[in-house]
1. Kindly express, to the nearest 10 degrees and within the range 0 to 90, the angle between helix 200-209's C-alpha long axis and the longest C-alpha principal axis of the chain.
2. Can you list the HN-Hα couplings for segment 272-289, worked out from phi with the Karplus curve (6.51, -1.76, 1.60; θ = phi - 60°), rounded to whole Hz and with x for Gly and Pro?
3. Filter the chymotrypsin sites (Phe, Trp or Tyr not before Pro) in segment 1-64 to those in DSSP coil with at most 15 other Cβ atoms within 10 Å of their Cβ, and list the result.
4. What's log10 of I(q)/I(0) for segment 92-164 at q = 0.12, 0.21 Å⁻¹, Debye sum over Cα points only, no solvent?
5. Taking H placed 1.01 Å from N in the peptide plane, check which residues at least 5 places from L264 or on another chain put their amide H under 5 Å from its amide H.
6. Can you list the HN-Hα couplings for segment 328-339, worked out from phi with the Karplus curve (6.51, -1.76, 1.60; θ = phi - 60°), rounded to whole Hz and with x for Gly and Pro?
7. Hey, got a sec? Which GluC sites (Glu not before Pro) in segment 119-212 land in a DSSP loop and have at most 12 other Cβ atoms within 10 Å?
8. Take the alpha-carbon centre of segment 38-59, take the same for segment 263-339, and report the distance between them in whole Å.
Amino acid sequence: MKILVTGGTGYIGSHTVVELQKEGFDVIIVDNLSNSYANVVDKIEQISGIRPIFEKFDLTDIEKTNDFFNRHSDLDGIIHFAAFKAVGESVNDPLMYYRNNIGSLVNILENMRIHKIANLVFSSSCTVYGQPEVLPVSEESPILMAMSPYGNTKQISEEIITDTSSVTNVKAILLRYFNPIGAHETALIGELPLGVPNNLVPFITQTAIGIREQLSVFGSDYNTPDGTAIRDYIHVVDLAQAHVVAVERMINNKGKKDVEIFNLGTGNGFSVLEVINSFEKVSGEKLNYKIVDRRAGDIEIVYADTTFANDELGWKAKKSLDEMMLSSWNWEKALAEKS
Ligand code: UFG
């Protein structure tokens, strides 16, 4: 079985490639390396013992994309990760986000239609729910107006896939991720944020290792037990395994609808301070942090109802917060040793 993984040298993509290879899939990675490095392919090979095929080009380039699909029209499935993902950057340059995230998706769907490739697994986000009124948030929760162009590209992409599916051969599973963190147990692959990290966990580990001076905790006046915001953090390897299950479900025609949606989280919410405490416990490091004002656009609390994913996919996130934080810390230390 041959699977195309777009964005396969990226954070979630690389972990998914490893899990696919473990299950016996042949993987082709397409990535333009705009936010990742070619040597990730070597690391994947070191972990799995199998070198995935890698092609470097931009999926918004219609000619190159068509040429790729002409050579690989026998794909059994596509997992589409390739996208820009920085919320703040998308506010400053919305057209770059629409051109990249929407353009690449349209080019892929067009080729799926032409070459009769049926199965698409798409990276979506819990951002489509905004601040849900009912917690935990199930797949039936209403989609709220996007708070950023990035979030809007996820909403629009879900609609484009659904519209396309209703009139073509294309079937899809839309996976709405909560907050992916952690790294592979080998510490050979993990998250490689460019510049100053926006996300909490890379900021924590970079502060502890001495790259950043101090972590700012954004807000302690939320309506939560300790006043800091709550998220559903999920280990990237658990998340990666859900993609394998999703692609197998499609290939084996086990889907109940042409477009299915699953929340991928653990179902547990943790506050920013709980994440910091877990980090300090597993690393033995004291973290330098201070409480500052809320960050604009942040929501108070979100965590997943995972019942549907657990029951239908037969998948469940296994790793604890401590395991997530320890693997993130080991990855940061491995990066420091190399530099
Ligand atoms: N936080 C801090 N300090 C930091 C960074 C984050 O206190 O330096 C806090 C945030 O305020 C938030 C929590 O840590 O309460 C998690 O923040 P992240 O930036 O790690 O994650 P978000 O939940 O804000 O972002 C995630 C995804 C985005 C997605 C967004 C939608 O990373 O892709 O959810 O809410 F758009």
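Quick note: the coordinates plus some simple rules give every number you see, no bench work behind them. Because the structure is predicted, anything quoted here is derived from the model rather than measured. Cβ atoms come from the backbone with ideal geometry, glycine included; neighbour counts cover every protein chain shown.
1. Helix 200-209 and the main axis of the chain meet at about 60 degrees.
2. Those phi angles translate into 4, 5, 5, 5, 4, 4, 4, 4, 4, 5, 7, 9, x, 9, 8, 8, 7, 9 Hz.
3. Y37, F57
4. One equal scatterer on each Cα of segment 92-164 leads to -0.38, -0.94.
5. R176, Y177, F178
6. Values, residue by residue: 5, 5, 4, 5, 4, 5, 5, 5, 5, 5, 6, 8 Hz.
7. Values: sites: E133, E139, E140, E158, E159, E185, E191; in loops: E133, E139, E140, E185, E191.
Listed in order of number, the matching sites are E133, E140.
8. Cα centroid to Cα centroid, the span is 27 Å.
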